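First up is the structure itself, then whatever we jot down about it.
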Amino acid sequence: MLKEFPDQKVCVMGLGYVGLTLAVTLADLGFQVEGIEIREEVLDLLNQGKAHFYEPGLESRLRRVVKNGNIHFYKKIPENSSSTVFIITVGTPLGDDKVPRMDMVKNVSAEVSQFLKDGDLVLMRSTVQLGTSRDVVVPELDKAQVKYDLAFCPERTLEGRALIELREIPQIVGGLTDRATLRASQFFQMVTPTVVKVDDLETAEMIKLVDNTYRDVWFAYANEVARICDHTGIRASQVIQAGKLGYARTNVALPGPVGGPCLEKDSYILKKGVEKFGLEPQLIMTARRLNEMQPKESVKAFLKQYFQMNAETPPKKICFMGLAFKGKPATDDLRGTMAIPVISEIKAHLPEVKMYGFDAVVSSQGIQSLGLEAIESLELAFDDMDLVVVLNNHPVFSSMDLTSLADRMRKKGVIYDFWNLFDPTSLDLPKSVAYMSLGSHLRTSLKKQKV
């Protein structure tokens, strides 16, 4: 079927998580793909068939498409490019002022315009503020003075399941024109069985932002429940789990750190995009700020518990476990990890403490980039530690033997669990080691533990 498809040659601009997973998927389907990436160290890895981040199944497919010649990598669009489809997947990070940066989208659009031929198709996939496709991308592409089609087709995959979800999840498509919507829909029908066509570019841009901010608000509600339970002495995990058992009308998430490359910024991107309409989203921004506040409150709580047990003696060693922004599905992505604000808050209170890090997926180099000394095993992560902080929900943490591991800690140590991975009523910990979890701060107790 692909042999008869007119848009077989594709240029993917930006080979981060979104770009590389799509580029490899397209190449594996038989498209001829040019992958553009400005980072030389990344290009070196890709040309060896090695991915620069962890994603299940990606590296084996990457090696296959490199070997069969369906994908080639370049620092810039090659002068002899014959691609008829250009896909923009570059990042849109927040600046220090929490204002989203669209400069990379503008710069890449300008580069594409230099190679745009009459009749080419441009697909926007980066997460952008409302109106960016029309107000930023179109003026750059128009400089080519050729006829082209433009559509916004948001990336919707979950890290850890990207290669599966690219082939399964419905693809939203909103075009500059009806013709562009139809053409982009036909393109993505070669990838996924379901394409959802919407009215225009702005509707597609908004869907991406609304989907992600919805999740941010959902998690914020769980974290608000945890705050209430922390102050009232009720265990949040029991409230949430018991409350929704067999009761379909309630689906509260478990509390936990909320970050990552999307949720930490997309509320701000949405906020910025609607400012010109004289509106600031109230619920969405309250939820975002609540999620940002949580790490500081948690650090305050577990340090208070530690000093209650140890008088004025500060901890000497702390280990942070689970440094990727999430644990399930597993990833090594440190973008937006909530380890950063937790570590920063610890440094503010305990500038002399030695800090260590363990993660089941993140490399030693990645751990060290956070200012931590890398630890290679769970056992060493507990050895002689005063504090152990579990930051994500990777399965290796929920299955660990906490009783024997806690035996390796210093006396009067504290384990803080952001993810409620254990039932505190059934733990059998060594004397004087305290277990705390988010949403049950006042219920931290030593009296039920082994003496």
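Bear in mind these aren't lab numbers, they're just calculated from the coordinates by the rules spelled out. Everything numeric in this text was worked out from a predicted model, so none of it was measured. Virtual Cβ from ideal backbone geometry, glycine too; neighbours counted across all protein chains shown.
Values computed for the structure shown
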| item | result |
| --- | --- |
| Ratio Rg/Rh [Cα only; Rh per Kirkwood] for the range 1-97 | 0.98 |
| Estimated inter-spin distance, Thr177 and Tyr74, nm [label 7 Å along Cα→Cβ] | 2.6 nm |
| Solution diffusion estimate, µm²/s, Stokes-Einstein, the chain, Kirkwood Rh from C-alpha pairs, 4 °C, viscosity 1.567 mPa s | 55 µm²/s |
| Computed FRET value (nearest 0.05) for Thr403 with Ala253, which takes r as the C-beta separation and R₀ as 30 Å | 0.60 |
| With eigenvalues of the C-alpha gyration tensor scaled by 5 and rooted, the range 2-199, Å | 23, 19, 18 |
| For a label point 7 Å along the Cα-to-beta-carbon line of Thr232, residues of the range 283-309 with backbone N under 12 Å | none |
| Total charge dipole magnitude, the chain, about the Cα centre, Cβ charges on Lys, Arg, Asp, Glu only, Debye to nearest 20 | 1080 debye |
| Entries in Lys9/Lys76; Lys76/Lys147; Lys317/Lys431; Lys147/Lys276; Lys76/Lys197; Lys117/Lys143 that, when Cα-Cα distance is taken, lie over 21 Å | Lys76/Lys147; Lys147/Lys276; Lys76/Lys197 |
| Most positive-pole-ward Cα, Val105, Ala330, Tyr416, against dipole of the chain from beta carbon charges | Tyr416 |
| Packing-based exposure ordering (other Cβ within 10 Å, fewest first) of Thr331, Thr286 | Thr286, Thr331 |
| Karplus-derived HN-Hα couplings along the range 328-344 (A = 6.51, B = -1.76, C = 1.60, θ = phi - 60°), whole Hz, x at Gly and Pro | 9, x, 5, 8, 10, 6, 9, 5, x, 4, 7, 4, 5, x, 5, 4, 4 |
| Backbone HN-Hα couplings from phi across the range 64-72 [Karplus 6.51/-1.76/1.60, Hz, Gly and Pro as x] | 5, 6, 5, 5, 7, x, 7, 9, 9 |
| Amide proton proximity set for Glu373, modelled H, under 5 Å, gap of 5+ | Met355, Tyr356, Gly357 |
| Whole-Hz ³J(HN,Hα) from phi, Karplus 6.51 cos²θ - 1.76 cosθ + 1.60, for the range 115-132, glycine and proline x | 10, 5, 10, 4, x, 5, 10, 10, 10, 8, 10, 5, 7, 9, 6, 3, x, 5 |
